[in-house]
Amino acid sequence: MIWKSFGFSIVCALLYWLVRSNLHTEVYIHDVGGLSSFLGVFGTLYGILAAFVVFEVWSQYNRISALIGKEAQALEQLFRLSLYFRDERFAERMKAGIREYVVCVVEGNFRQLAKGERNAKSGLALRKISEIIQSIEFDDDHDSIVFDQIVQHYGDVAQLRTERTNESRNRLPRFLKYFIYLASAFALTTFLVMPFEVALYGLFSAFVIGFLQAMVFQLIEELDNPFKGHMQLTPAPFVLALKHIEEDY
């Protein structure tokens with residue numbers, strides 16, 4: 001991301017130099033006061049818009065990350081509850097069902113969610129866990145209480161999966177994304193034609209603005225779809241939960 005931003009900022013500096021050389025923007029230095037007033041108003045509005053968009057995608061990224069962790073913990077807790085049910089065969093079936101579900105999630109590696117689609121295999125694996133729970137037979141109050149807890153926690157797992165999937169498929173509205181990019185283009189163009197008396201200051205300003213805008217663009221793209229790119233979320237919490245189930249119980 002940093003190298004791409006440096007490359008874009010160098011291009012912006014070159015564009016500034018070309019504009020200055022061909023349009024001789026330095027001769028309009030007497031208009032710098034008006035341009036500064038314009039940039040003050042426009043820059044404030046642009047800063048608020050950019051901050052809002054980055055905050056929104058960052059909040060969504062954090063929500064998805066939290067849901068992934070909660071779902072993995074809920075699976076481990078579901079298996080832990082199955083141990084209170086006095087049936088070793090049921091506990092082994094539950095472990096196998098959870099293992100199958102986690103394997104589907106890990107093998108998919110959220111690639112379907114990156115495309116805005118659901119992982120059908122993990123959904124089928126989750127339904128198999130419900131079938132295992134439905135097959136339980138008990139004849140005393142202790143097992144009845146444990147059964148109610150297992151059913152409740154399975155519902156929690158299913159709810160967390162639904163929330164994670166729905167949240168993961170959400171994307172910024174195209175209009176909002178295009179709007180921030182168009183506003184960025186206007187801001188950059190204004191700096192490219194800014195009549196700096198000293199060319200070095202103009203080059204530096206174009207370089208810095210280009211770098212910052214490139215970083216903002218990449219952050220928006222990375223966080224808007226957190227299942228691809230350099231900041232992608234992984235199913236590591238599910239792997240860790242399965243490891244605990246396999247080794248600690």
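Okay, here's what the table says:
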| quantity | calculated |
| --- | --- |
| Sequence-separation-based contact order of segment 66-147, relative, with Cα cut under 8 Å and 6+ spacing, percent | 33 percent |
| Trypsin sites (Lys or Arg not before Pro) within segment 140-244: DSSP coil, no more than 16 neighbouring Cβ in 10 Å | 171, 228 |
| Spatially near lysine pairs across the chain, Cα under 22 Å, sequence gap of 8 or more or different chains | 16 |
| About the Cα centre, charge dipole magnitude for segment 1-91 (Lys/Arg +1, Asp/Glu -1 at Cβ), debye | 240 debye |
| Ellipsoid equivalent to segment 204-249 - semi-axes via the Cα gyration tensor, in Å | 40, 9, 5 |
| Per-q log10 I(q)/I(0), segment 58-171, q = 0.14, 0.23 Å⁻¹ (Debye; single scatterer per alpha-carbon; no solvent) | -0.58, -1.28 |
| Among 151, 53, 106, residue whose mean-square fluctuation peaks in a GNM of the chain (springs only between Cα atoms under 10 Å) | 151 |
| Cα centroid separation, segment 206-222 to segment 3-21 (Å) | 13 Å |
| Nitroxide proxy distance, nm - points 7 Å out along Cα→Cβ at residue 181 and residue 84 | 5.3 nm |
| Space enclosed by the convex hull of the alpha-carbon atoms of the chain, per residue, Å³ | 132 Å³ |
| Whole-Å distance, taken between Cα centres, linking segment 89-117 and segment 49-82 | 17 Å |
| Among 159, 113, 126 the positive-end extreme of the charge dipole of segment 58-171 (Cβ point charges) | 113 |
| Choice from 18, 233, 78 with maximal GNM fluctuation in the chain (Cα, 10 Å cutoff) | 18 |
| Rel. contact order, % - alpha carbon contacts under 8 angstrom, at least six apart, the chain | 42 percent |
| Most mobile listed residue (204, 38, 147) in the chain, GNM with C-alpha springs under 10 Å | 38 |
| Acute angle (nearest 10 degrees) that the helix 236-248 long axis makes with the longest principal axis of the chain, alpha-carbon atoms | 30 degrees |
| Nearest-20 debye value, the chain charge dipole, Cβ charges on Lys, Arg, Asp, Glu | 1000 debye |
| Dimensionless Rg ratio for segment 108-151, taking C-alpha atoms and the 2.2 N^0.38 Å reference | 1.71 |
| The chain - mean residue ellipticity at 222 nm from DSSP helices (-39,500 (n - 2.57) per run, n ≥ 4, rounded to 500) | -28000 deg cm²/dmol |
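Here, each number is a calculation from the coordinates, and none is a lab measurement. Predicted, not measured: the structure shown is a model, and the values here were computed from it. Positions of Cβ are backbone-derived with ideal geometry, glycine not excepted, and every protein chain shown enters the neighbour counts.
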